[in-house]
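The numbers here are math on the coordinates, done by the rules we state, and not lab data. Keep in mind the model is a prediction, meaning the values are calculated, not measured. Note that each Cβ is placed from the backbone with ideal geometry, even for glycine, and that neighbours are counted across all protein chains shown.
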Amino acid sequence: MFEKALQGNKSYWIWIFVLLAITGAGFLAYLRQFTYGLGITGMSRDVSWGFYIGQFTFLVGIAASGVMLVLPYYLHNYKKFGRLVILGEFLAISAVIMCILFIFVDLGQPRRVMNVMLYPTPNSVMFWDMVVLLGYLILNVIIGWTVLGAERKGTPPQGWVKPLIYLSIAWAPSIHTVTAFLYAGLPGRHFWLSAIMAARFLASAFASGPALLIILALIIRRVTRFDPGREAIQTLGKIVTYFMLTNVFFLGLEFFTAFYSGIPGHMHTFQYLYAGIDGHDKLVPLMRISSVLAVLAVALLIFPKIRANEKMLALASVAVFISLWIDKGFGLVVGGFIPNMFEKVVEYWPTGLEMLISLGVWAIGLLVLTALYKIAISVKEEVEL
Amino acid sequence: MYDGNKIIIGLVIFGLLIISPILYNTIGKASVPPEPDINTPEINKMIEKKCVEPKSFMRANHMQILNDWRDEVVRVGKTRTYVNGEGKEFNMSLQNTCMKCHSNKKNFCDKCHTYMAVKPYCWDCHIAPKEKTT
Amino acid sequence: MSMDRRQFLKIAGLTTIAGVGGPAVVAGMKERLLEASELVDVPGRSGALTAQRWGMVVDMSRFRTEADRQKVIDACHHIHNVPDFGNPKDEIKWIWPETYEHAFPGREDEYMPHALKEMPFLVLCNHCANPPCVRVCPTKATFKRKDGIVMMDMHRCIGCRFCMAACPFGARSFNWRDPRGKDAQGRPFIRKDNPEYPTRTIGVVEKCTFCTERLAKGLQPACAEASNGGLVFGDLEDENSNIRNKLRNHFTIRRKTELGTSPSVYYVIGGTEHV
C-alpha cells in the first residue's frame, strides 16, 4: 500500500517538499545543538525542562486520543466512526513518533539513549513511559495497517486483530497516565504534585485530540474526494465539548485547592502563570490567551445549535487546540519549575534554534501523517469509487 | 530471467565493491599495524617493565579491565584497590595509575585506536597526561 | 527443495533477527556476569574511610565571613574541575551559599533577626536517605551507595534531567555546554584543572559526591578539610562519631524535612555554643 503515498498531484508534492525543507532546517539546527550542547536552548539550571518536554507531553495526549474513535467503533459498534477510525489510529502513530523525537532532542547524551533498555529501571517512571509509548506505537501500526489492508481487499480484518484492538483501547489511557506520573510524583514540585494530574491530562487529551481530528477531517473533505461524514464530525464535536468542560472543571479544582487552602507553595506557580510574580510575567500573555480561547471554545461548543454549524465547530476546535497546546505544551511543564527550589523566580523562554528544532520535529510528524493519510484515503477512494 | 545480462553485470559490480577492501589489502601493500610505544621516563625507570597484568592480556583485554575498574570505582568500590594475578595492589584509576606510567597518550593509546578506527570516549572527561616521550 | 516467496521471506527474516539479535543477547549475558562480580566488595585494605551512613553538619557559627565560605567552595570546585561559565544560565555548582529564606523556604518568620534571614548558608547535595533523584533515574546513572552517598555515574547518564526535576534541593547541575571550552576572551571555563580528577562532558548531570575519591584514600571531603571545623563529616549511624556528638549537643535543622527525603546534611545556626 506504500505506493499510494508516492502518487499525488502537484499540490501534494509541494506540501511534501515544504515539510521536507522544514525538516532539513530543523535537522541543521539540531546538528548545532548536538555539537554545542543543550545550552543553545533557553533552558537553565532552574528551568531544566522546556519547550521540548512540553511538546512531548502535549503530543502524548494527541496520541492517546485516538481511543476516542476506536472505543465507540469497536466496543459500542458505533458505525458512523467507521470512516474516521483509521484516521485516529494513524494520527496516534504520527503523534507517538513526534513524542519519541521530542524526548530524543531533549537528551544531553543522545548517543546513550539505549542505556534505558540496557539498564532497565522499573522504579523510574521514564522507563515505563518508554515501554508504553513503544507498545502503543507498535499496536497502532499493526492494527491500522492490517485493518486498512483488509478493507482494501474487501474482507473483514483477520481475527487476531480484535484482541489487539481491545488491548489498544486499554493501552491508550495508560500512556497518558504514565506521562502524568512523570510529574505527579515529585516531592517539592507543588504545582505538579496533584492527584488529579493524570485525570487532567486525559481530559485535556480527549478534548485536544478530537479537536485536531475535526480540523483534519474538514481539511480532508476539502482537498480529497473522501468525506469522513457529517455525523461523525458532529459526534466528535460532542466528545470535545464534554472533555473540554471536564478539563476546565479540573483546572478549577486545582485553583480551588491552591487558593482556598492558601498554602504559598501551591499558589505560587498559578500566580506566576496567570499574574506574574514581582514583575516576572513572561508567560502571562500566553496563559491569558489560553484562558480566553478556552472560554470562547466552551461558549461555542456548549450550545448544540452553534456546534451544529460546521464553521463554528471548526472555530471552536481551533480554539480548543491552541488553548490546550499553550496550557499543556508550555505552561504546565515550564510552570512546574517556577519558582525554583529556592523560591526564586528564574524565567524561561525558548530560543530561535530551539523553536526551529521543534518545528523540524513537527514537520516530521506531519510528513508521517500526510503519507499515512494519503494511503488511507487512497484506499478508501479506491474501495468506494 | 528478464534483463539477465544487466542483472549479472550488476551483481558482479556489487560483488567487486563488497570485496574491494580485501582486494586492496592483498593486491596492494597491507598496512603495518602500529606498535604501541612504551618509551616514557616513568616506564624507562622501572627495573622490571610490567603493567598491572601481563602484556598479552592487557593488549587483548585492556578495555575490559578499564570497564571493570570504572564500574568498581564509580558504582561499588570503597577502597578502589585492584589486586592482580601476582597479588600486587593497584589504585584503580585511569588518570592516576594507567596514565602515570603511560604518559604518552598520543603514541600509546591514540596510535592503535586511530589505526583501528575506534574512538573511546574516555578523554571526553578524563584529563590526558602531559605528553612525555624520551 | 522448493520454496515460495512467502517462505523465503519468513526464513530470511528469522535469520536476520537471529543474526542481529543473537550477539546482543550474548553481550547482555556477559554484561550481567560482570555486574554480579562487581558486587563483591573489596574489604578495607588501604585505610579507606567507611561508614554506615555518611552525613555532614554545617556549623554556621564558623562561617562568619565571605572568605570562610569561599575557601570551602573553592576547595571543592577546584579539585573537582567544576567549570565557571560566568552566567547563571549555564551555571554548575556543587556547594554554594543561599540565604536562610532561600535555603529553608517556608521556614522564615516575620520578625526574625535580619542577620539570620540574610545569613548565607552553605548548601550542597543532601545525600538523602530516600532520594527522589535515584527513584526517577531511568538508567541507574544516579544511585545510592551502601554508605548512603548518592552517587553519579557520568559514564551512564543520558542527560534526561529527570533527576533535576525530582531533586527538591536544586542540588543538581547540567552541562549545558562543553565544560572544557573557553569563553569569548579565550579563558577556559575550568581555570586551572586538577589532573587527578576527571572533568565532565556535554549533556550530563553532576553534583556533590561527598568526595568518594578522597574517602577511598582515607581523606575527609575537601570542603570539610578546608572548613576549619565548620563542616563536620562523619558516620550518622555510629553513636560515638564526632558528627553524632555534634548532633547531640546542638539544635540542628535540615532542609525541607516535610518531603520525607531525609537529608543527611544538618545545620547548626550560629551563636549557640552550649556544648
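Here are some notes:
- Two-site FRET efficiency, A:SER261 against C:GLU239, from Cβ-Cβ distance with R₀ of 51 Å, rounded to 0.05: 0.80
- Least to most buried among C:CYS208, B:CYS101 (fewest other Cβ within 10 Å first): B:CYS101, C:CYS208
- R0 of 25 Å, Cβ-Cβ distance B:LYS100-A:MET117: FRET efficiency to nearest 0.05: 0.10
- Fewest neighbouring Cβ atoms within 10 Å first, the residues B:LYS105, B:LYS130 line up as B:LYS130, B:LYS105.
- Cβ-derived FRET efficiency at R0 35 Å, C:ILE253 paired with A:ILE215, nearest 0.05: 0.05
- Between A:PHE104 and A:LEU253, the simple label model (points 7 Å from Cα in the Cβ direction) yields a spacing of 3.6 nm.
- For the range C:73-195, the residue among C:ILE79, C:MET154, C:VAL123 whose Cα projects farthest onto the positive side of the dipole built from Cβ charges is C:MET154.
- Spatially proximal aspartates and glutamates relative to C:LYS144 (Cα-Cα < 12 Å; intrachain offsets below 8 disregarded): C:ASP153
- Ranked by the mean number of other Cβ atoms within 10 Å of their residues, highest first, the peptides B:6-19, A:30-43, A:331-344 fall in the order A:331-344, A:30-43, B:6-19.
- Residue-by-residue Karplus 3J(HN,Hα) for the range C:168-176, coefficients 6.51, -1.76, 1.60, Hz, glycine and proline x: x, 10, x, 8, 9, 10, 10, 7, 5
- Relative to the Cα centre, the charge distribution of chain B, modelled as +1 at Lys and Arg Cβ and -1 at Asp and Glu Cβ, gives a dipole magnitude of about 300 debye.
- Gain in span if fully extended, B:HIS113 to B:ASP37, counting 0.36 nm per residue against the direct Cα distance: 26.1 nm
- Counting Cβ atoms of other protein chains within 10 Å of each Cβ in B:115-126 and taking the mean gives 3.
- Packing, taken as the mean count of other beta carbons within 10 Å per residue, orders the peptides C:153-161, A:147-155 from highest to lowest as C:153-161, A:147-155.
- Chymotrypsin sites (Phe, Trp or Tyr not before Pro) lying in DSSP loop within the range C:207-274, provided at most 12 other Cβ fall within 10 Å: C:PHE251
- For the range A:293-368: relative contact order, % (alpha-carbon pairs under 8 angstrom, 6 or more apart): 21 percent
- Inter-label distance, nm, simple model (7 Å from Cα along the C-beta direction), A:LEU6/A:THR155: 2.6 nm
- The overall shape of chain A, judged from the alpha-carbon gyration tensor, is prolate: a/c is not under 1.5, and a/b is greater than b/c.
- Placing +1 on each Lys and Arg Cβ and -1 on each Asp and Glu Cβ, with no other charges, gives the range C:200-275 a dipole about its Cα centre of roughly 220 debye.
- Between the amide H of A:GLN109 and those of C:GLY159, distances stay under 5 Å, these residues lying 5 or more places away or on another chain, with hydrogens modeled in the peptide plane.
- Averaged over peptide A:35-47, the number of partner chain Cβ atoms lying within 10 Å of each residue's Cβ comes to 6.
- Each Lys and Arg contributes +1 and each Asp and Glu -1, all at the Cβ; summed about the Cα centre of the range A:215-359, the dipole is approximately 760 debye.
- Residue-averaged [θ]222 nm for chain A, counting only DSSP H segments that reach four residues, each worth -39500 (n - 2.57): -24500 deg cm²/dmol
- Separation of the alpha carbons by more than 18 angstrom is noted, of A:LYS4/A:LYS153; B:LYS49/B:LYS88; B:LYS50/B:LYS88; B:LYS106/C:LYS192, for B:LYS106/C:LYS192.
- Taking 19 Å as the straight-line reach from the Cα of A:LYS311, the aspartates and glutamates in range (excluding those fewer than 8 positions away in the same chain) are A:ASP227, A:GLU231.
- Order of B:PHE90, C:PHE143, A:PHE90 - criterion: other Cβ atoms within 10 Å of each residue's Cβ, fewest first: B:PHE90, C:PHE143, A:PHE90
- Cα centroid separation, the range A:97-130 to the range A:319-343: 22 Å.
- Taking label positions 7 Å along the Cα-Cβ direction at both A:GLU384 and A:GLU231, the computed distance is 1.4 nm, reported to one decimal.
- In terms of its C-alpha gyration tensor, the range A:228-384 comes out oblate, because a/c is 1.5 or above while a/b does not outweigh b/c.
- Positive-end extreme of charge dipole, chain A - chosen from A:GLY39, A:ALA314, A:MET126 (charges on Cβ): A:ALA314
- Contact order, relative form, for chain A: 30 percent (alpha carbon pairs under 8 Å, 6 or more residues apart, mean separation divided by residue count).
- Loop-located chymotrypsin sites (Phe, Trp or Tyr not before Pro) in the range A:143-185 whose Cβ has at most 16 other Cβ within 10 Å (DSSP): A:TRP160
- Look at the stretch B:88-97: the mean tally of other chain Cβ atoms within 10 Å of its residues' Cβ atoms is 2.
- With 24 Å as the limit on Cα-Cα distance, the pairs of C:LYS93/C:LYS140; A:LYS344/C:LYS182; B:LYS119/C:LYS207; B:LYS100/C:LYS146 that go past it are A:LYS344/C:LYS182; B:LYS119/C:LYS207; B:LYS100/C:LYS146.
- With θ taken as phi - 60° and the Karplus curve 6.51 cos²θ - 1.76 cosθ + 1.60 applied, the whole-hertz 3J(HN,Hα) list for the range C:187-200 is 8, x, 5, 9, 3, 9, 7, 9, x, 7, 10, x, 8, 10 Hz, x standing for glycine and proline.
- Phi angles of the range A:244-251 translate, via the Karplus equation with coefficients 6.51, -1.76, 1.60 and θ = phi - 60°, into HN-Hα couplings of 5, 4, 4, 4, 5, 4, 4, 4 Hz per residue; Gly and Pro are given as x.
- The protein assembly as shown shape via C-alpha gyration tensor axes, a/c threshold 1.5: oblate
- Degrees, to the nearest 10: A:284-302 long Cα axis against longest axis of chain A: 40 degrees
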